[in-house]
Amino acid sequence: MIKEIIKNIVTITQDYHSDYDNGFVMTEEHVLEWSDQFEEPDREFVLSEVLHILQQGVYISKEKAKDILWNFINKATTFFGYQNIEIFLRETHFISVQGETKSQSVLLSILNAVLVEKTGHSLEICGSLGVRNYIYLDDVIGSGGKFNYEIHKYIAENNLLNAFKNKEIRILSYFFCIHTWGTVNARYILKNRFEGENFFLDFKAFPIVSNYIVENNIKEYNQRLNLVYPEKSKNEYDVYLASLDQAPRQADKAYRRQTQPNKETFFTSKENRLRIEQIFLDKGIEIINQIQDEESKRKHRPLGKTYPGYKTFGTGTLFFTWRNISNTCPIVFWWDNPAHNWKGLFPLHNRGNLI
């Protein structure tokens, strides 16, 4: 049984890091080695639950990314009221503010190849009839920090705010995945950075859309909570939160209530959600406690990075692409430090050393 589960996991994730010449290949042996780091009674359960999660489309292969981007171009063409993709492109500018190895640049390169294949036109024709539309493209909104920093800087430096407000130009932000809480945060931070402009809170005026949504805003109605978001089930969890003495905010969001979500549709059952969340959180805290550098320990969380000022266990993201894994995912998926006796299922690429 366990061999079949592992085989299916590898089938889904086999192109992870396939773009890099770093020697990593997703194999059945690697998946087994990762699972063997958990307690023996938990190993098959963890693998089974991870496979169930992966089968819900949370892993984006490179081929799937091409389909997503082509589908996005067609929808964006219609959204902006065009009948013709070529004219849409000729009046559109794709914002590029990241380095050539970063996700935005990689996605724009893939999009360019898809457009050449499907239409015979490349991104070089963009803006040739003037710019009416601006598109910000990236893989994930987690906390929303990177997005609101980059889009604020771009709008401010190019003096675009008045043109946006006056509907002379339009901006659309598209992601493979967004978190509802992080997206709301990004909107409010942008509003404040632009001196209270409600423009950024309006979906029609400032649309942010995605292929996949992590519903983690507990203030919204009936959120699916398709992520790792633990209940208050162990005293040790309160002890860990108390140790975050430099994190004063969002403590009321550290735990989900037992009644959330209203109906379990992401994990295999309500009981299995509770079990897998405890396993990932317990192991994550164990790893965090081994970090010697206090500054690094403060910045990391057992369920993935979040704002250092948040008194929570982390973002808990369960979304992966062939390129890399977000550090907002639980660290059991990506932590890799021999001194801590842990290797991640999805090794990191180009993220520096883990302490």
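The values are calculated or read from the model by the stated rules, or taken from the named source; none is laboratory data. Given the structure is predicted, the values throughout are model-derived calculations rather than measurements. In this analysis, Cβ positions are derived from the backbone assuming ideal geometry, glycine residues included, and neighbour counts consider all displayed protein chains.
Those residues that are touching a helix residue (DSSP H, G or I) at 6+ places or on another chain (Cβ under 8 Å) and not aromatic (Phe, Trp, Tyr), I need them from segment 254-271; list them, please.
254, 264, 268
Any chance segment 36-43 includes a residue that's more than 17 Å from residue 344 (Cα to Cα) and in the same structural domain as residue 280 (by TED's automatic domain parsing)? Even if it seems obvious, please write down each step before you answer.
We begin by selecting, within segment 36-43, every residue more than 17 Å from residue 344 (Cα to Cα); these are 40-41.
With in the same structural domain as residue 280 (by TED's automatic domain parsing) added as a condition, the list becomes 40-41.
Taking every residue of segment 36-43 in turn, at least one turns out to be more than 17 Å from residue 344 (Cα to Cα) and in the same structural domain as residue 280 (by TED's automatic domain parsing).
If you scan segment 269-279, which residues turn out to be surrounded by 15 or more Cβ atoms within 10 Å (Cβ to Cβ) and not charged (D, E, K, R)? Working first, answer last.
Residues of segment 269-279 surrounded by 15 or more Cβ atoms within 10 Å (Cβ to Cβ): 272-279.
Within segment 269-279, 272, 274, 276, 278, 279 qualify.
So residue 248 clears everything in (1) within 20 Å of residue 312 (Cα to Cα); (2) touching a helix residue (DSSP H, G or I) at 6+ places or on another chain (Cβ under 9 Å); (3) modelled with pLDDT under 95 except one condition, right? Which one?
Tallying (1) within 20 Å of residue 312 (Cα to Cα); (2) touching a helix residue (DSSP H, G or I) at 6+ places or on another chain (Cβ under 9 Å); (3) modelled with pLDDT under 95, residue 248 fails exactly one: (2).
Any residue at all in segment 77-90 that's over 30 Å from residue 274 (Cα atoms) and under 18 Å from the mean Cα position of the chain (by Cα)?
In the first step, residues of segment 77-90 are kept if they are over 30 Å from residue 274 (Cα atoms); the result is 77-90.
The next check asks that each one be under 18 Å from the mean Cα position of the chain (by Cα); those that pass are none.
There is no residue in segment 77-90 that is over 30 Å from residue 274 (Cα atoms) and under 18 Å from the mean Cα position of the chain (by Cα).
Condition test on residue 285, is it within 16 Å of the chain's Cα centre (by Cα) and either closer than 19 Å to residue 225 by Cα or buried (at least 16 other Cβ atoms within 10 Å of the Cβ) (or both)? Steps first, answer last, please.
Details: within 16 Å of the chain's Cα centre (by Cα): no; either closer than 19 Å to residue 225 by Cα or buried (at least 16 other Cβ atoms within 10 Å of the Cβ) (or both): yes.
No, not satisfied.
Filter segment 5-46 down to the residues that are of a type in the set (Gly, Ala, Ser) and within 17 Å of residue 336 (Cα to Cα), then identify the one that is nearest to the chain's Cα centre (by Cα). Write out each step before concluding.
First, the residues of segment 5-46 that are of a type in the set (Gly, Ala, Ser): 18, 23, 35.
From what is left, the residues that are within 17 Å of residue 336 (Cα to Cα) are 23, 35.
Values: 23: 25, 35: 23 Å.
Checking each candidate, the answer is 35.
Within segment 293-303, is even one residue of a type in the set (Ser, Thr, Tyr) and crowded, with 24+ Cβ neighbours inside 10 Å?
Step one: filter segment 293-303 for residues of a type in the set (Ser, Thr, Tyr), giving 296.
From the residues that got through so far, the ones that are crowded, with 24+ Cβ neighbours inside 10 Å too are none.
The answer is no; no qualifying residue exists.
Can you tell me how many residues in segment 140-165 are at pLDDT below 95 and of a type in the set (Asp, Glu)?
Here the count works out to 0.
Report, ordered by the first and then the second residue, all pairs with beta carbons closer than 6 Å, sequence separation of six or more or different chains, a first member in segment 242-270 that is touching a residue at least 40 places away in the same chain (Cβ under 8 Å) and not assigned by TED's automatic domain parsing to the domain that holds residue 51, and a second member that is surrounded by 14 or more Cβ atoms within 10 Å (Cβ to Cβ) and in a loop (DSSP other than H, G, I, E, B).
none
Can we say residue 186 is surrounded by 17 or more Cβ atoms within 10 Å (Cβ to Cβ), of a type in the set (Gly, Ala, Ser) and in contact (Cβ under 8 Å) with a residue 60 or more places away in the chain?
Details: surrounded by 17 or more Cβ atoms within 10 Å (Cβ to Cβ): yes; of a type in the set (Gly, Ala, Ser): yes; in contact (Cβ under 8 Å) with a residue 60 or more places away in the chain: no.
No, not satisfied.
Per-residue answers, yes or no, for (1) aliphatic (A, V, I, L, M); (2) under 21 Å from the mean Cα position of the chain (by Cα):
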{"site": "226", "(1), (2)": "no, yes"}
{"site": "231", "(1), (2)": "no, no"}
{"site": "239", "(1), (2)": "yes, no"}
{"site": "267", "(1), (2)": "no, yes"}
{"site": "270", "(1), (2)": "no, no"}
{"site": "276", "(1), (2)": "yes, yes"}
{"site": "281", "(1), (2)": "yes, yes"}
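Answer yes or no: is there a residue in segment 205-222 that is part of a loop (DSSP other than H, G, I, E, B), under 30 Å from residue 73 (Cα atoms), of a type in the set (Phe, Trp, Tyr) and more than 23 Å from the chain's Cα centre (by Cα).
Step one: of segment 205-222, the residues part of a loop (DSSP other than H, G, I, E, B) are 205-207, 215-222.
Add one more test, that the residue is under 30 Å from residue 73 (Cα atoms), and what stays is 205-207, 215-217, 220.
Then keep just the ones that are of a type in the set (Phe, Trp, Tyr); that gives 206.
Filter once more, keeping what is more than 23 Å from the chain's Cα centre (by Cα): none.
Scanning segment 205-222, I find no residue that is part of a loop (DSSP other than H, G, I, E, B), under 30 Å from residue 73 (Cα atoms), of a type in the set (Phe, Trp, Tyr) and more than 23 Å from the chain's Cα centre (by Cα), so the answer is no.
Could you tell me which residue of segment 137-165 is surrounded by the fewest Cβ atoms within 10 Å (Cβ to Cβ), considering only residues that are closer than 21 Å to residue 315 by Cα, out of contact with any Asp or Glu (no Cβ under 9 Å at 6 or more places or on another chain) and in contact (Cβ under 8 Å) with a residue 40 or more places away in the chain? Break it down into steps so the answer makes sense when it comes.
Step one: list which residues in segment 137-165 are closer than 21 Å to residue 315 by Cα, which gives 138-150.
Among the residues that remain, those that are also out of contact with any Asp or Glu (no Cβ under 9 Å at 6 or more places or on another chain) are: 139-145, 148-149.
Subsequent filtering for residues that are in contact (Cβ under 8 Å) with a residue 40 or more places away in the chain retains 139-145, 148.
Working: 139: 22, 140: 25, 141: 27, 142: 27, 143: 22, 144: 22, 145: 16, 148: 23.
Ranking the candidates gives 145 first.
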